[in-house]
1. Of the numbered conditions (1) part of a strand (DSSP E or B); (2) among the β-branched types (Val, Ile, Thr); (3) modelled with pLDDT under 90, ILE113 fails exactly one; give the number of that condition.
2. Considering only residues that are β-branched (Val, Ile, Thr) and either under 15 Å from ILE48 (Cβ atoms) or assigned to a helix (DSSP H, G or I) (or both), which ones fall in segment 1-32?
3. Search segment 62-76 for residues being in a loop (DSSP other than H, G, I, E, B) and either at pLDDT below 90 or of a type in the set (D, E, K, R) (or both), and hand back the single one that is nearest to the chain's Cα centre (by Cα).
4. For segment 33-43, enumerate the residues that are among the polar types (S, T, N, Q) and either assigned to a strand (DSSP E or B) or under 20 Å from ALA67 (Cβ atoms) (or both).
5. Mind listing whichever residues of segment 5-42 are aromatic (Phe, Trp, Tyr) and in contact (Cβ under 8 Å) with a residue 24 or more places away in the chain?
Amino acid sequence: MVQDQEFIEFVVKAIVNNPEEVKVTRTVDERGVLITLDLNPTDIGYVIGRRGNTVRAIRTLLKVVGAKNNALVNLKINEPEGSEHRRREDAPVPPTPSSMEDVDTSAIDNLDI
């Protein structure tokens, strides 16, 4: 194992309830290093954290480990089937093309910029 892969495995196993089910895969291509993380469906919330703060911190530290080894390292978490991670009900939903048709743009239609 390489340092970045060992780092992710160590950190994630320390946070989850099922460390024996953590699987870390490392692939290298022309864009850099991709660390893929597979874990128990009940543990995804622990890794992501509130508002994504935990995974954001892990990614930041992973970039530091990668920079130390002159590598661009990214982390991908495979969302397991049946995971308990759900989108918050009050989170804003981005507009879809069908909902954009109903938007009133008459106030800016003749705007000269």
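1. The one condition ILE113 does not meet is (1).
2. ILE8, VAL11, VAL12, ILE15, VAL16, VAL22
3. Here the residue is ALA71.
4. The one that is among the polar types (S, T, N, Q) and either assigned to a strand (DSSP E or B) or under 20 Å from ALA67 (Cβ atoms) (or both): THR36.
5. Once the filter is applied, which keeps residues that are aromatic (Phe, Trp, Tyr) and in contact (Cβ under 8 Å) with a residue 24 or more places away in the chain, segment 5-42 yields only PHE7.
The values are calculated or read from the model by the stated rules, or taken from the named source; none is laboratory data. Remember, predicted model here, so these are calculated numbers, not experimental data. Please note: Cβ atoms are built from the backbone with ideal geometry, for glycine as well, and neighbour counts cover all protein chains shown.
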